[in-house]
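Rule-based calculations on the coordinates, nothing more; no lab input. All values derive from a computational prediction rather than experimental measurement. Don't worry about glycine lacking a Cβ; one is built from the backbone with ideal geometry, like all the others, and counts go over all protein chains shown.
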Amino acid sequence: MNTVFERDLQAKGFIDVAIDPTIDLVEEINRLKQEKNAVILAHYYQESEIQDLADYIGDSLGLSQQAAKTDADVIVFAGVHFMAETAKILSPGKKVLLPDLKAGCSLSDSCPPHLFAKFKEQYPDHLVITYVNCTAELKALSDIVCTSSNAVQIVESLPEDQKIIFGPDRNLGDYVKRKTGRDLVLWNGACMVHEIFSQERIDALKAEYPGAKFIAHPECEEHILAQADYVGSTSGMLKFTIEDPSQTYIVATESGILYQMQKASPHKTFIPAPPNNACACNDCPHMKLNTLEKLYNCLYYKQPEIILSEDVIARARRPIERMLEISARLGL
Ligand code: 13P
Ligand code: SF4
């Protein structure tokens, strides 16, 4: 990093060069995508305008499957840092861009690799399963990675007497324990977005919409999951609302997914489960750091880029590939 521009970029983590106000951003992003042979992968928690521009929209599992098989030269990851890292690990020869490098994850932050390494040392005979919402360094300390789509099935695919450490999400870990009956050793991490749903406000919504189904992401706390008609990943929840005959859903996860739910079922009503603050819905502040402007600059300058050492890529790749192999075998 030499020039003032590059130093500025490094300090900010994104490019905030002013954009010609007369250009059509959507048109230009599509043009740049062709010109640079780039693909845009977007998570369901992105702003609707970014979802509309994406070549693929999905949950963490779907996004990593896409990252592993794309033949584009450049992957623009409209999501958070750990997701873009996963794409880089699976496609190390490609340029992987994240519109804002500061788009982190509170759950990933709740599990620093050096502390997890000490935790792991206490259980030398345990296999380590890590939820994909963690750093590449943490994945490198793991035996198998999982996502919210396949955590239960991955644990079930292991022999019953296999001792297991599960991290970093204690809520997903608890959910997997309840579903599988296995006794997992859990790291005590959590997501700031999924832990602030208000029981009182959810009860009020249920009273207001008595026919509504309540659906929740497994990162929510046990008392929230206990009342859910369906628990699953973002794509699992979306599929449920398409296939289920009900007309109204109260949705306990980040509000971005409601956009695809509404698009897929325009005649149905989707209500975000409210948090325990003054807001009507839960937004992930990290996911929402990505904007159309940053996406444009990121494609234009081919920066900021995810850089990982060869050593971390090599060590983190195996547990992710194990997850993809098990998922493919189980048809997930
Ligand atoms: P999904 O696995 O459903 O994509 O969830 C990712 C996530 O970050 C949830 O907070
Ligand atoms: Fe991380 Fe939670 Fe945001 Fe998902 S919603 S990216 S787990 S902070």
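Assorted remarks:
- Inter-part distance where region 215-292 and region 178-194 are each reduced to a Cα centre, Å: 20 Å
- Charge dipole of region 188-312 (Cα centre as origin; +1 on each Lys and Arg Cβ, -1 on each Asp and Glu Cβ, all else neutral): 540 debye, rounded to the nearest 20.
- The H on the amide N of residue 186, modeled in the peptide plane, is under 5 Å from the matching H of 166, each at least 5 residues off or on a different chain.
- Phi angles across region 127-143 convert, under the Karplus curve 6.51 cos²θ - 1.76 cosθ + 1.60 with θ = phi - 60°, into 3J(HN,Hα) values of 8, 9, 10, 10, 5, 4, 6, 7, 6, 4, 4, 5, 4, 5, 8, 9, 9 Hz, Gly and Pro given as x.
- This model, with +1 at the C-beta of Lys and Arg and -1 at the C-beta of Asp and Glu, gives region 79-158 a dipole about its Cα centre of some 340 debye.
- Lys/Arg +1, Asp/Glu -1 at C-beta; the chain dipole; positive extreme among 312, 145, 124: 124
- Backbone HN-Hα couplings from phi across region 18-24 [Karplus 6.51/-1.76/1.60, Hz, Gly and Pro as x]: 4, 10, 3, x, 8, 7, 8
- The stretch between residue 178 and residue 209 holds 8.3 nm of extra length on full extension. This uses 0.36 nm per residue minus the Cα-Cα distance.
- Value at 222 nm in deg cm²/dmol, rounded to 500, when DSSP H runs of n ≥ 4 in the chain each add -39,500 (n - 2.57): -12000 deg cm²/dmol
- Extension gain, residue 123 back to residue 330 (0.36 nm per residue minus Cα-Cα distance, nm): 71.7 nm
- Highest-MSF residue in the chain out of 123, 45, 296 [GNM, Cα springs under 10 Å]: 123
- Here the simple spin-label model places points 7 Å from the Cα toward Cβ, and for residue 23 and residue 269 these points are separated by 4.3 nm.
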